[in-house]
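Scroll down for the structure; my scribbles are underneath it.
The values are calculated or read from the model by the stated rules, or taken from the named source; none is laboratory data. The structure displayed is predicted, hence computed values, not measured ones. Cβ: placed from backbone, ideal geometry, glycine included. Neighbour counts: every protein chain shown.
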Amino acid sequence: MDRLIEAIEAKQNPSVVGLDPTEALVPEQIVASFAEEIGEQVEDPTEAPATQLSVAFFEFNRAIIDAVADIVPAVKPQIAMYEALGPAGIDAYAMTCEYAKQQGLYVLGDVKRGDIGSTAAAYAHHLSGIGTGEDAFDPWHEDAVTVNPYLGTDGIAPFVEAATSADKDIFVLVRTSNPSSSELQELELASGEHVYEHVADLIEGWGAETVGKSGYSRVGAVVGATHPEEGKALRARMPHTFFLVPGYGAQGGTAQGVAGMFDKDGRGALVNSSRGIIGAWRKSGKYDESMSADDALDLVAESAREAAKNMRDDLRAVLP
Ligand SMILES: O=C(O)c1cc(=O)[nH]c(=O)n1[C@@H]1O[C@H](COP(=O)(O)O)[C@@H](O)[C@H]1O
């Protein structure tokens, strides 16, 4: 987590841009501009739409990354958006991670994995890559991944091990931002605490051996921006755990609401916005269906930069 914290301090910005492209979030002329090129490349014409959209996702992401790389410390590509398109989408995901890393950004792969120990060990290759020494190969280019704790310690341990040996991190779901998160997470245990509080305590334990010079461990927690009070209490309960805080913007989370999730020095949390940044072009009032693909990409980039700056300034305003 020390690397992430250094990156946040260098940019004086505890926010991350979520790269969650969908067909609706990419201006249609950008997608259309790849029709001819893709039509010539694919053998099976039924593959063309998914391949075309995947290429468009990558170009869209690249424009956004170029526009925000000097402002934000990190990006969080959400793999679901890419997996939806099959193998071409997965390529676009990995290429996005690689490009972001080349631009000096910390890449948080939102893959939300979790399984029995032997399978978790395979998923943990997201962090450790494959091969060793001269044959080492990292197909994913992620600095961290999100993990689901439902399977308990043996579903987490392989990720902690891989993170430790590769100098990377994980973020484990604790109190998620979605409306029905309370169905399980708020259940009360015999001890009187809630399930999510018990998960919080487990996370402090899972990370205990990996606390870095920043005072935070490699095992972070995901705490939704839509739960300001619980987030504040979790901050006190989890002194060595860095928070990923999604749910800002599109889901209603605000800078005031997340302020309590930072520590007394204004560190300890990274706030995510995806649609609020990458879809900002739709609210710019400048989009026109007849504009060229290049102009649309410029608008996407310029609007994302503006939205990322506004988010940074909003967060700075509530931090010490
Ligand atoms: O792990 C996450 O990042 C996550 C956890 C959570 O509790 N809520 C949540 O929204 N997310 C992710 O954060 C992103 C939020 O996107 P926006 O609502 O568009 O900003 C999506 O990629 C979600 O999958």
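Quick check, is E209 acidic (D, E), under 30 Å from A121 (Cβ atoms) and surrounded by 21 or more Cβ atoms within 10 Å (Cβ to Cβ)? Reasoning before the result, please.
On the way: acidic (D, E): yes; under 30 Å from A121 (Cβ atoms): yes; surrounded by 21 or more Cβ atoms within 10 Å (Cβ to Cβ): no.
Criteria not met by E209.
Quick check: is even one residue across the stretch 263-284 more than 16 Å from L108 (Cα to Cα) and assigned to a strand (DSSP E or B)? The answer is no; no qualifying residue exists. Residue pairs whose Cβ atoms lie under 7 Å apart, sitting 6 or more positions apart in sequence or on different chains, and linking a residue in the stretch 275-294 that is over 18 Å from A56 (Cβ atoms) and touching a residue at least 60 places away in the same chain (Cβ under 8 Å) to a partner that is within 16 Å of the ligand (Cβ to nearest atom) and not polar (S, T, N, Q), do not occur here.
Annotation note: Cβ proximity below 7 Å between a residue of the stretch 169-180 that is in a strand (DSSP E or B) and a residue that is more than 6 Å from the ligand (Cβ to nearest atom) and among the basic types (K, R) (sequence gap 6+ or interchain) occurs for D169/R218; I170/R218.
Have a look at G129, G104 and point out the one that is more than 18 Å from the chain's Cα centre (by Cα) and on the phi > 0 side of the Ramachandran plot. Full working, then the answer.
On the way: G104 fails: more than 18 Å from the chain's Cα centre (by Cα).
The match here is G129.
Annotation note: of A48, A10, the sole residue that is at pLDDT 95 or above and either among the β-branched types (V, I, T) or in a helix (DSSP H, G or I) (or both) is A10. Note on the stretch 68-77: residues that are crowded, with 22+ Cβ neighbours inside 10 Å and closer than 13 Å to I277 by Cβ amount to 6. Please go through the stretch 279-297 and pick out each residue that is more than 8 Å from the ligand (Cβ to nearest atom) and either under 30 Å from A255 (Cβ atoms) or of a type in the set (S, T, Y) (or both). Result: A280, W281, R282, K283, S284, G285, K286, Y287, S290, S292, A296, L297. When residues in the stretch 126-143 are screened for being in a loop (DSSP other than H, G, I, E, B) and more than 13 Å from G109 (Cβ to Cβ), 3 of them pass.
Can I90 be described as under 27 Å from F159 (Cβ atoms), hydrophobic (A, V, I, L, M, F, W, C), surrounded by fewer than 24 Cβ atoms within 10 Å (Cβ to Cβ) and within 18 Å of the chain's Cα centre (by Cα)? Yes.
Restricting attention to the stretch 93-110, which residues are crowded, with 21+ Cβ neighbours inside 10 Å, assigned to a helix (DSSP H, G or I) and among the hydroxyl-bearing types (S, T, Y)?
First, the residues of the stretch 93-110 that are crowded, with 21+ Cβ neighbours inside 10 Å: 93, 96-97, 100, 105-110.
Pick out the ones that are also assigned to a helix (DSSP H, G or I) and you get 93, 96-97, 100.
Across the stretch 93-110, the qualifying residues are Y93, T96.
If the condition is being more than 17 Å from E197 (Cβ to Cβ), assigned to a helix (DSSP H, G or I) and within 16 Å of the ligand (Cβ to nearest atom), then the stretch 144-154 contributes no residue at all. For P139, the criteria (1) away from the ligand (no atom under 16 Å from the Cβ); (2) under 18 Å from C97 (Cα atoms); (3) surrounded by 15 or more Cβ atoms within 10 Å (Cβ to Cβ); (4) not polar (S, T, N, Q) hold in every case but one, which is (3). In the condition set (1) more than 18 Å from the chain's Cα centre (by Cα); (2) surrounded by 23 or more Cβ atoms within 10 Å (Cβ to Cβ), V245 is compliant with all but (1). Being within 16 Å of the ligand (Cβ to nearest atom) and among the β-branched types (V, I, T) is the filter; apply it to the stretch 175-222 and report the residue that is farthest from S165 (Cα to Cα). Selected residue: V195. For the stretch 51-67: of the residues being among the small types (G, A, S) and closer than 27 Å to G39 by Cβ, which is surrounded by the fewest Cβ atoms within 10 Å (Cβ to Cβ)? Among those that are among the small types (G, A, S) and closer than 27 Å to G39 by Cβ, it is A63. Of the listed requirements (1) away from the ligand (no atom under 16 Å from the Cβ); (2) in a helix (DSSP H, G or I); (3) of a type outside the set (K, R); (4) surrounded by fewer than 19 Cβ atoms within 10 Å (Cβ to Cβ), I38 misses just one: (4).
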